[in-house]
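Peer 1: Dropping a structure here in structure tokens format, bear with me for questions.
The values are calculated or read from the model by the stated rules, or taken from the named source; none is laboratory data. Predicted model only: the values in this text are computed from it and were never measured. Neighbour counts run over all protein chains shown; Cβ positions are idealised from the backbone, glycine included. Each accessible area value is taken on the protein alone, full model and side chains, heavy atoms only, with ligands, DNA and RNA left out. Shrake-Rupley method; radii C 1.70, N 1.55, O 1.52, S 1.80 Å.
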Amino acid sequence: MLIKKINRKIKPFSHFIWLILLILIVSFATYFFDNNKKKQSEIFKKTLDNIYLQKTFTKITSGLESRFITIDYKVKQGDTYENIINGISIPKAEKKLFLKTVTKNNNLKILKLNQNLYFKIDKRNTPRILEFKIEVSKKKEILFTRSIDEKIFISKIIEKNLDKVITYKEGKITTSLYNTAINLNIKPGVIVDFARLYGFQVDFQRDIWKNDSFQIIYEEFKNLEGKVIETGDIIYANLNLQDNDIQLYKFEYEKNKIDYFDENGKSMRKTLMKTPINGARLSSSYGKRKHPILGFTKMHTGTDFAASSGTPIMASGDGLIVRAKWCGGGGNCVKIKHNSVYQTVYAHMSKFGRGIKKGVRVKQGQIIGYVGSTGLSTGPHLHYEVIENGKKINSQKLKLPSGKILKGKQRKLFEVNKIKIDVLKSELISKI
Ligand SMILES: [Zn+2]
């Protein structure tokens, strides 16, 4: 009775109710779609943000409804099979089985930089590896599938009929590096590699300006139809920021050990100097201390190096000057931004180095100023601070990758390699 009554009452509005329902459904759908898109772009942004940390799980795909996860992994410097498998949350026995399988295979003795690995994991109940694939070369990979009794993996060699092509691209950055590169038809994987190479010295969120430009030479692998199936290594890269070239050359400095070096044979893995001054004595370390002028106990957020007035102070790493002015208690001070993670501060300077001002790019070791006693200071010294993700840290306990510099025979081989790449570059440029 009652239902009938209601029915009769809402009947004139029924199309209206349907319309509201429809609007609700559509807005829910768009919400989830947008959210998903947002998530994806956030993942990309995070990859760029984390380049300093060298996160190399290039892709982890897992549908919410699916019981399987697939993982694409790209080998980074110093990787071992052990640390790669330890990065995946599966039981110990599974890790053991993987390592046993891999060490038994003679094709897989060496892990190379940028080599690709793929895992498919069944995450139901206790997670286990269903199959994994290891790239031996761009033309050959080995697929391991679980045997029926589950106890071993059976391997199969897959030959890929791909042609290697060396590609040259150059572009002026308009909106962002990513957009510019995508418009030039550069594959996202190459852009991420490029950003990772420069992550030690450039903050991609802030240091890139309109009309900055880049050049890049990299490998592409095409199938018989000429379609790009995979991308390989970057061979050469140049990022021109406000008329400064930052060039990087790929170089195999030891058998199977590849890294990127600038034109002077210095590794792109930039480090910060612990002591950015020569012939100085550490006079006050980081930590709580009684302030020599203010008198009360205060946290000393830097390290002091006593040196005679006028001693040159060096930039402790490559970077961008973000401050070069009087800053109260710190006297004449300079602040350098090295990348999205690290900044350094140098205080109490008597004067600034030649050309040192806000917005200028400096190289590691370049003189940025001279020791003085300006600001709140009892005598000539350098107050040096390292800021990590916005927090002041103890510079003397800083752990950073070693900034390798090629010397001797390696340096000679690098010079030859560099000339070859420069020749290749001019050939590729003349073709366009
Ligand atoms: Zn100090």
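Peer 1: So Ser308 fits all but one of (1) within 15 Å of the ligand (Cβ to nearest atom); (2) part of a loop (DSSP other than H, G, I, E, B); (3) among the polar types (S, T, N, Q); what number is the exception?
Peer 2: Of everything listed in (1) within 15 Å of the ligand (Cβ to nearest atom); (2) part of a loop (DSSP other than H, G, I, E, B); (3) among the polar types (S, T, N, Q), Ser308 misses just condition (1).
Peer 1: In region 196-236, how many are open to solvent by less than 20 Å² (accessible area, probe 1.4 Å), at pLDDT below 85 and of a type in the set (Val, Ile, Thr)?
Peer 2: 1
Peer 1: Also, I was wondering about something else. Can you pull out the residues in region 311-323 that are more than 16 Å from the ligand (Cβ to nearest atom), crowded, with 20+ Cβ neighbours inside 10 Å and either free of Cβ contacts under 8 Å to residues at least 24 places away in the same chain or in a strand (DSSP E or B) (or both)?
Peer 2: Met314, Gly319, Leu320, Ile321
Peer 1: If the requirement is being in contact with a strand residue (DSSP E or B) (Cβ under 8 Å, 6 or more places away or on another chain), assigned to a loop (DSSP other than H, G, I, E, B), within 30 Å of Gly403 (Cα to Cα) and in contact (Cβ under 8 Å) with a residue 60 or more places away in the chain, which of these qualifies: Asp233, Asp193, Asp203?
Peer 2: Asp203
Peer 1: Related question: Give the residue that is most open to solvent (accessible area, probe 1.4 Å), with candidates limited to residues of region 324-377 that are among the aromatic types (Phe, Trp, Tyr) and farther than 16 Å from Pro312 by Cα. Break it down stepwise before answering.
Peer 2: Going through region 324-377, the residues among the aromatic types (Phe, Trp, Tyr) turn out to be 326, 342, 346, 352, 370.
Okay, now just the ones that are also farther than 16 Å from Pro312 by Cα, so 326, 342.
Values: Trp326: 141, Tyr342: 12 Å².
Selected residue: Trp326.
Peer 1: List the residue pairs whose Cβ atoms are under 7 Å apart, where the first residue sits in region 263-288 and is under 16 Å from Asp304 (Cβ atoms), the second is away from the ligand (no atom under 14 Å from the Cβ) and not in a loop (DSSP other than H, G, I, E, B), and the two are 6 or more positions apart or on different chains.
Peer 2: Met273/Met314; Pro276/Met314; Ile277/Met314; Lys288/Thr297
Peer 1: Every residue in region 341-389 that is acidic (Asp, Glu) and either away from the ligand (no atom under 16 Å from the Cβ) or closer than 18 Å to Ser308 by Cβ (or both), please.
Peer 2: So in region 341-389, the residues acidic (Asp, Glu) come out as 385, 388.
Listed by number, the list holds a single entry, Glu388.
Peer 1: Regarding Lys172, is this residue within 22 Å of Tyr249 (Cα to Cα) and open to solvent by 60 Å² or more (accessible area, probe 1.4 Å)?
Peer 2: For Lys172, the condition - within 22 Å of Tyr249 (Cα to Cα) and open to solvent by 60 Å² or more (accessible area, probe 1.4 Å) - is met.
Peer 1: Name the residue that is farthest from the ligand (Cβ to nearest atom), counting only residues in region 390-411 that are of a type in the set (A, V, I, L, M) and either under 20 Å from the mean Cα position of the chain (by Cα) or open to solvent by 70 Å² or more (accessible area, probe 1.4 Å) (or both).
Peer 2: Only one residue tops the list, namely Ile405.
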